[in-house]
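Reviewing the structure listed below.
The values are calculated or read from the model by the stated rules, or taken from the named source; none is laboratory data. Since this is a predicted model, take the numbers as computed values, not measurements. No Cβ is skipped: glycine too gets one built from the backbone with ideal geometry, and neighbour counts run over all protein chains shown. Only protein heavy atoms, including side chains, enter the accessible area calculation; ligands, DNA and RNA are left aside. Shrake-Rupley method; radii C 1.70, N 1.55, O 1.52, S 1.80 Å.
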Amino acid sequence: MNTDFVSFLKVLNDEQRKSLYTFDQTNKAVFKMMDKKTKLVVMRLLHLEHIQYNPRLSKFVSIDDFGTLLSIGLLESVQLDQNEYLISLDSNFRTSILDHLYDVSQIDNVELGIDSGLLEEYYQEKWENIILYLMGEDIRIPSNVKDILVFAKIYDENGLTKEGVKYLLLNDTQKLWLLMKSYVELKFTTINPIEIMRILMEICYIPIGQKRCINNESEAYHKLYYQLSELGLIYIENDYFTSTPLALKLSYRKGVDDVSHTGFIVVESNYQVYAYTSSDAHFRILNMITTVELRLPNMIICKLTRQSIKNAIQVGLSCNEVIRYLESNLHTTMNSLSEIYEQVFDQLRLWEKERNRITYESGILYELQSEHIFNLIIECASDLNAILWCNYDKMMLFVKEEAHPKIRTFVRDMRNKNKS
Amino acid sequence: MDGELLVVNIDINPIAWESHMSGMNITDIFDQLVVFLNAYIFTESRNKVAIIAFHQNDSFFLVKNLEHSVFSSVTSELVENLRSADMENIGDKPVVTARSLSMALCYINQYMETETTEKKLQPRILFISSSYDDPEQYIPFINCVYQSVRMKIPIDAIDLTDEESPMLAQASHLTKGIYIHPNHPTGFLQYLMTIFMVDSDTRTMLPMPTPQKIDFRSSCFCHQESIDEGYVCSLCYAVYCNDKTECDICGARFVDSKKR
């Protein structure tokens, strides 16, 4: 299941989550977001009020199948005995899904109220602006969006933070959920987080292009809708809103919804990278991790070099993040060439490890004339486990900083003993 | 993992449904089936369903293209087609199981040939049986099953009669499907949702019913009678109930062991 979504739900406490599940749309949206196995487990439990479950004997489900459901608070489990549990699905959730299944007269075809091209343009413009703002471009974005970015520690008065750099390399789904989480935490005191969640769920569930009226909600939430439209999640016209394709990305599941997901990066085994994009945001991000060689109106040609990886590391990224970014945006034709890019990614890791060849430790260097004293000091220092380097020919010894005072007292005692 | 093409073959034998279906009604079955299909499509929006109904005289499509965008209109079509089923002159004949299986296979084959997208749906066949086996149909039936094995189409079956059906059990075993003969047939929907909702990939991840002892009996090629002991041609594996000098199917001559 979408881990960002689960961590988002964890912002609420148990009671709040329970009341979240009283909303029909939310329940259907949550169900749609589950992975296949969890959905099937829900289907098995749907018609049962409860099951008596013994983990060691069960032929019905196994204990880790319940894991996801338990973590989002949909499963209630009461321990009867040592090893016997009474397990049931949250009753509101059950009712929502059952009502939906038993009601066969659903709305079949959705008439598109708004031109889909318009929605694409709208969300892309809003979303791109946010990314470019983060990268330091002089673009105006609404102040409430700025507040969210600052609260999420992505941005501060000096510009992009270290967290922010990592944030840029996440895919759109992860970026969105992180922003949503920060938004909920930010507005915790003023707006009921349950309502925010409920509205978000509704937005990802309704089909794109279908209009909904804002006036159905109370005044207090109108502001919320406008703020969500600033992020590009919904498009507001008159008193109606519709979800944009960005809202669809909220419920994106890797490997399942890939039909609509288009990658744009092609990586070759000679470290050449081709990115089929005309977006400025993509260009800036690629500039951080590769050396850009050529930029055409619809394509960026760049190369992964030792220098470019070192630059990325200096900015605060790790090699794994770079690899994950490239992997998640790979063009679909690259699915069958996994061996080639394994080789490239290994080399990236090697370049990263080059920085770890040298470690630094501070200490004190001793240079001695008398061999006898030199040997005594070596003995003393090795007892303290403080020797970092020594050279018998030159009679030089390098010890850790902490050990210096002890060695000094040792030498002083020795001199006093000799004198006396 | 991306979507399945499910073909449901439902046995609407009117004589069986009137007499020995443990108190269940054919309308109850259809109600529960529609809820199951609704859940099936709700779980995975790419899933597609076709329903074939068969009885003693005929086998025909109730629904050809049930998917999430057309659900409610198609269910009314289903009812229409069911009502217009021609069930005149149904005698004491067996139902045309083999014919319905071959219809399902042809439908799936047609889908595989005409579908142009890269990610094709995984096909599966589900039998809902309410009649006893017909040994005379064994040979065509098992030929269809072998074709299913070649096309990698699992054949699942839920048997609502009071006796086990060796033919369906063999079909499920060969095609790596699941055959169940439920103890409480009134819980039909729960069986469907627990067992038959799960697609082939997820079957390895969730606990599923394990196959019981399977009766591998065949029908003899000469009389189409059910036998469990017989003579087998060493060339073409045709099964006979009595000693023969020559195989009818492949023409091989058998050496009479008694004459040696």
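Before I look further, what does region B:127-210 give for accessible area per residue, probe 1.4 Å, in whole square angstrom?
40
Using 0.36 nm per residue of separation minus the Cα-Cα distance, give me the extension gain between A:GLU185 and A:VAL6 in nm, one decimal.
Additional length available on full extension: 62.9 nm.
List the aspartates and glutamates whose Cα sits under 20 Å from the Cα of A:LYS187, skipping any in the same chain fewer than 8 residues away.
Here the aspartates and glutamates satisfying the reach criterion relative to A:LYS187 are A:ASP4, A:ASP14, A:GLU15, A:ASP147, A:ASP156, A:GLU195, A:GLU202, A:GLU217, A:GLU219, A:GLU230.
Provide the per-residue ³J(HN,Hα) series for region A:149-155, in order, calculated from phi with Karplus coefficients 6.51, -1.76, 1.60 and θ = phi - 60°, each as a whole number of Hz, with x at glycine and proline positions.
For region A:149-155, the Karplus curve yields 5, 5, 5, 7, 6, 8, 9 Hz.
Mean residue ellipticity at 222 nm from the helices of chain B, using -39,500 (n - 2.57) per DSSP H segment of n ≥ 4 over the full residue count, to the nearest 500 deg cm²/dmol?
Computed mean residue ellipticity for chain B: -10000 deg cm²/dmol.
Connecting C-alpha atoms closer than 10 Å in a GNM of chain A, tell me which of A:SER77, A:SER218, A:SER382 has the biggest fluctuation.
So, out of A:SER77, A:SER218, A:SER382, the one fluctuating most is A:SER382.
Just how far, in whole angstrom, is region A:124-146 from region B:211-246 if you go by their alpha carbon centroids?
77
Could you pull the accessible area for B:MET193 with a 1.4 Å probe, rounded to 10 Å²?
Approximately 0 Å² for this residue.
Is the shape of region B:25-131 best called rounded, prolate or oblate, per the rule: a/c under 1.5 gives rounded, else a/b larger than b/c gives prolate, else oblate, with a ≥ b ≥ c the square roots of the Cα gyration tensor eigenvalues?
oblate
For A:LYS400, give me every one of the lysines with a C-alpha distance below 20 angstrom, ignoring sequence neighbours fewer than eight places off in its own chain.
none
Using each residue's phi in region A:239-244, evaluate 6.51 cos²θ - 1.76 cosθ + 1.60 at θ = phi - 60° and report the 3J(HN,Hα) Karplus result to the nearest Hz, with x for Gly and Pro.
10, 10, 10, 9, 7, 9
Accessible area drop of at least 50 Å² (1.4 Å probe, protein heavy atoms): which residues of region B:178-221 qualify, relative to the chain alone?
B:GLN190, B:MET193, B:THR194, B:LEU206, B:PRO207
May I ask for the accessible area buried between chains B and A, both sides summed, probe 1.4 Å, to the nearest 100 Å²?
For chain B against chain A, roughly 2600 Å² becomes buried.
Subtracting the Cα-Cα distance from 0.36 nm times the residue separation, let me have the gained length for A:ARG415 to A:LEU118 in nm, one decimal.
98.1 nm
Calculated from DSSP H runs of 4 or more alone, at -39500 (n - 2.57) each and per residue, what is the 222 nm mean residue ellipticity of chain A, nearest 500?
Rounded to the nearest 500, it is -15500 deg cm²/dmol.
So what is the relative contact order for region A:265-390, in percent, with contacts set as C-alpha pairs under 8 Å and at least six apart?
Relative CO of region A:265-390 lands at 22 percent.
Would you mind checking A:LYS36/B:LYS64; A:LYS18/A:LYS39; A:LYS39/A:LYS126 for any pair whose Cα atoms are more than 22 angstrom apart?
A:LYS36/B:LYS64; A:LYS39/A:LYS126
So, taking all protein chains as they sit and a 1.4 Å probe, how much accessible area belongs to A:ILE358, in Å² rounded to tens?
Approximately 110 Å² for this residue.
Using 14 Å as the cut-off for backbone N distance, which residues of region B:55-99 belong to the label zone defined by a point 7 Å from the Cα of B:THR27 along Cα→Cβ?
B:79-80, B:83, by backbone N distance to the label point.
Counting alpha carbon pairs within less than 8 Å and at least 6 residues apart, what relative contact order, in whole percent, applies to chain A?
13
For chain B, which cysteines have no second Cys with its Cβ under 4.7 Å from theirs?
Those would be B:CYS106, B:CYS144, B:CYS222, since no other cysteine Cβ in chain B comes under 4.7 Å of theirs.
Give me the distance between the Cα centres of region A:264-288 and region B:122-175, rounded to whole Å.
If you average the Cα positions of each part, the centres end up 53 Å apart.
Indicate the gyration tensor shape class of region A:166-216 (rounded, prolate or oblate), computed on the Cα atoms with a ≥ b ≥ c the square roots of the eigenvalues: a/c under 1.5 is rounded; otherwise a/b larger than b/c is prolate and the rest oblate.
Oblate.
Nearest 10 degrees is fine. How inclined is helix A:91-102 to the longest principal axis of chain A, computing both from alpha carbons?
So the helix axis and the longest Cα principal axis differ by about 50 degrees.
Suppose R0 equals 22 Å. What FRET efficiency, 1/(1 + (r/R0)^6) with r the Cβ-Cβ distance, do A:GLN314 and A:GLU342 give to the nearest 0.05?
0.30
Please compute the modelled spin-label separation between A:ASP103 and B:HIS184, points set 7 Å along Cα→Cβ, answer in nm with one decimal.
2.9
Take B:SER218, B:SER84, A:SER338 and sort them by solvent-accessible surface of the protein heavy atoms, 1.4 Å probe, largest at the top.
The ranking, largest first, comes out as B:SER84, A:SER338, B:SER218.
I'd like to check one number: the per residue accessible area of chain A, probe 1.4 Å, reported in Å² as a whole number.
Per-residue accessible area for chain A comes out at 53 Å².
I'd like the mean, over residues of A:34-47, of how many other protein chain beta carbons sit within 10 Å of each residue's own Cβ.
Shielding by partners across A:34-47 averages 5.
Just tell me which lysines come within less than 25 Å, Cα to Cα, of A:LYS406; anything on the same chain fewer than 8 places away is out.
List returned: A:LYS394, A:LYS417, A:LYS419.
What FRET efficiency do you get for A:LYS153 and A:ASN192 if R0 is 22 Å and r is their Cβ-Cβ distance, rounded to the nearest 0.05?
Once the sixth-power term is evaluated, E becomes 0.35.
Return the loop-located GluC sites (Glu not before Pro) in region A:146-205 (DSSP other than H, G, I, E, B) with at most 11 other Cβ atoms within 10 Å of their own Cβ; answer none if there are none.
In loop regions of region A:146-205 (DSSP not H, G, I, E or B), the sparsely surrounded GluC sites (Glu not before Pro) are A:GLU157.
Report A:TRP389's accessible area, 1.4 Å probe, all protein chains in place, as a number in Å² to the nearest 10.
That residue has around 110 Å² of solvent-accessible surface.
Would you work out the relative contact order for chain B, in percent, from Cα pairs under 8 angstrom that are 6 or more residues apart?
18
Quick check: pseudo-label points 7 Å beyond the Cα along Cα→Cβ at B:CYS250 and A:GLU293, how many nm apart are they?
6.2
Amide H to amide H, which residues 5 or more places from B:VAL63 or on other chains are under 5 Å from it, using H placed in the peptide plane?
So B:VAL63 has HN proximity to B:ILE51.
Compute the distance in nm between two label points, each set 7 Å from the Cα along the Cα-to-Cβ direction, one at A:ASN356 and one at B:CYS222.
Output for this residue pair reads 7.8 nm.
Just the ratio, please: alpha-carbon radius of gyration of chain B over 2.2 N^0.38 Å, N its number of residues.
So chain B has a normalised radius of gyration of 1.08.
Using only the alpha-carbon atoms of the protein assembly as shown as identical scatterers, what base-10 log of I(q)/I(0) does the Debye formula give at q = 0.11 Å⁻¹?
Values, matching the q order: -1.20.
How far is helix A:371-383 tilted off the main Cα axis of chain A, in degrees rounded to 10, range 0 to 90?
Tilt relative to chain A: about 30 degrees.
Heavy atoms only, probe 1.4 angstrom, no DNA, RNA or ligands counted: give me A:MET396, B:MET197 ranked by accessible area, highest first.
A:MET396, B:MET197
Cut-off 10 angstrom, C-alpha nodes, Gaussian network model of chain A. Which of A:LEU286, A:LEU384, A:LEU75 fluctuates the most?
In the Gaussian network model the winner is A:LEU384.
Calculate, for A:GLU401 and A:HIS372, the FRET efficiency according to 1/(1 + (r/R0)^6) with r their C-beta to C-beta distance and R0 30 Å; round to the nearest 0.05.
Rounded to the nearest 0.05, the efficiency is 0.75.
Using a 1.4 Å probe over the heavy atoms of the protein chains, calculate the carbon and sulfur portion of the accessible area of region A:366-420 as a whole percent.
The nonpolar share, carbon plus sulfur, comes to 49 percent.
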